[in-house]
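Okay, structure first, notes after.
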Amino acid sequence: MQANSNAITSTVSRPVPDAVWRHAFVGAWQADWRERRRDWRVGMVLALGLALAACAALLASLDLDRTRAARAVAAEAEAQRWVHQGSKNPHSAAHYGVYVFKPLPTLAALDPGIEHYVGTSVWLEAHRQNDMVYRPAADGAGADRQFRLSPALMLQVLAPAVMIFLGFGMFAAERERGMLPALRLNGAPLGAIAAARGAVLLCLALTMSLPAIVAIAGVKWHAGGAEPVADAAARGALFAAAYLVYLATWAALVTAVSAFARTMRASLALLVALWIVATLVLPRAAVELAQSAAPLPSMQAFRQAVDEELGMPDDPAEAERHKRQLLKQYGVDDVSDLPVNWAGISQLRSEAHGNEVFDRHYGPLFAAMAAQDHAVALASWLSPAVAIGGLSSRLAASDNASHTEFMQAAEAHRRLMQDLLNSDLARNPDRNGVKYQAGEALWRSIPPLRFTYAALDMGELLARWLLPLLAGLAASLALAAASLRHLRTGSVE
């Protein structure tokens, strides 16, 4: 046997023709499929995984569909309430306010991200930049908040566990039983055998993505053309490609560890430890470290700081100078004699002052949130699970950056509303002691908020998430190649 092994090793050292490599790959692929079809444990694991994935996809898609429908009904009701509020002073209408609702892209059915823990709507009113309210997680049970099943969770955490269970003995079993020399007697390249077995393992894991594909197609079909086609297609294609790279990384890691370990028990122990660290420990540690690197103020402290500065009036001397200049411009002695409405002008000044206050407070808050995202992105170089988690939620527009994008758009719309209402008030002075009142024509002139998420920034995606994800795949392939070389030399011993 020692002589045979030496002969095999010398044969392997020569370059392998492409035709031989392909033939060995196909043969190993067919053999591995036959073996796995006969193993009842593979069928049981896949059946359980598919059942769980189907439940996750069905529940997530139904939840997204219900949420979209509810927000559409609420948005229409708000639009009607605003238009039919009756005649009143424009500034009273500004305080009357209106709710706007955050839209949910189709991919949020696969990766809800932070959507259950942030609000669904924000109230736009005079003098205040409000935060979002009505968090879905607040209405859920405790167990639902602690463990929310989603297709993204299935693919990020449970699919690698399935791959480990099905693949930990890929080479370790033959090494433990002393069957490696027999495996190589036919001269088949180890690389081709490993590639075939890794590909089979990857295909088995990809079956868990089938329910998500069906669910997302159903949601997209039901939603129609609610999203820009090009952007939705780009997000979907990147989403699928990223998860393919992620699962391929795990297939290479399972191959590498199984080829390196001397026993099946050691292979399983190493892979389980790697899975725990990569999918459970490092993602949570990245979040905790990001919060320490860029801490956010408590909501109570933040609101108190904003309210205290808002309570300090704008420069009264400047306001008085403005009023005297206006009186002089129109040649009158009292604001009641002005051909414009001083109350409206004052409200315009008040809103401008408030906007400066909000910018001073919300600007650093959003910057700190962005800094946290950047810190988490740095951790993606240590774990492919961190990289796929950040990329997945970014593509699904369910991350912090997308939430901030909507908040800023809602605030810009609030300022537009206040400007239009106060400008109308400023143009129409009170007559004979009767305050000016506007009607439905003014309310209808306020454009609705039609928010769509910004197109993908490919440079940002590449630098933050794609490069670490691809680097993880390259590192795992290199590790698999090194383990196969170790396995080849080990078969000679």
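The values are calculated or read from the model by the stated rules, or taken from the named source; none is laboratory data. It should be emphasised that the depicted structure is a prediction, and the values quoted were computed from it without experimental measurement. Neighbour counts run over all protein chains shown; Cβ positions are idealised from the backbone, glycine included. Heads up: the accessible areas ignore ligands, DNA and RNA and are worked out on the full protein's heavy atoms, side chains in. Shrake-Rupley method; radii C 1.70, N 1.55, O 1.52, S 1.80 Å.
Relative to the longest principal Cα axis of the chain, at what angle does helix 210-223 sit, 0 to 90 degrees, rounded to 10? With both axes taken from Cα atoms, the answer is about 30 degrees.
Taking every pair of distinct Cα atoms and averaging 1/r, then inverting, what Kirkwood hydrodynamic radius in Å comes out for the stretch 269-312?
Values: mean 1/r = 0.0751 Å⁻¹.
Kirkwood radius, the stretch 269-312: 13.3 Å.
In percent, rounded to a whole number, the relative contact order of the stretch 19-489 is 26, using alpha-carbon pairs under 8 Å and six or more apart. Taken along its principal axes, the alpha carbon cloud of the chain reaches lengths of 114, 42, 42 Å, longest axis first.
Placing unit charges on the Cβ atoms of the charged side chains and taking the dipole of the chain about its Cα centre, the candidate lying farthest along the positive direction among ALA252, LEU238, PHE101 is ALA252.
Based on Cβ point charges of +1 for Lys and Arg and -1 for Asp and Glu, what charge dipole magnitude is obtained for the chain about its Cα centre, in debye rounded to the nearest 20? Numbers along the way, then the final one.
Numbers: 44 positive and 43 negative charges, 462 e Å.
Magnitude of the dipole: close to 2220 debye.
Scoring 72-83, 209-220, 381-392 by mean Cβ neighbours within 10 Å over their residues and listing the highest first yields 381-392, 209-220, 72-83. For the pair the stretch 69-114 and the stretch 379-429, the centres of their Cα atoms are 15 angstrom apart.
According to the calculation over all Cα-Cα pairs in the stretch 343-485, the P(r) per 5 Å bin from zero is 2, 8, 12, 13, 12, 10, 9, 8, 7, 6, 4, 3, 2, 2, 1, 1, 0, 0, 0, 0 %.
Determine the share of the chain's accessible area contributed by carbon and sulfur atoms, expressed in whole percent, with a 1.4 angstrom probe.
Working: 15510 of 24450 Å².
Of the solvent-accessible surface of the chain, carbon and sulfur hold 63 percent.
Between the listed residues SER445, VAL287, ILE388, the Cα displaced farthest toward the positive end of the dipole of the chain, a dipole computed from Cβ unit charges relative to the Cα centre, is found at ILE388.
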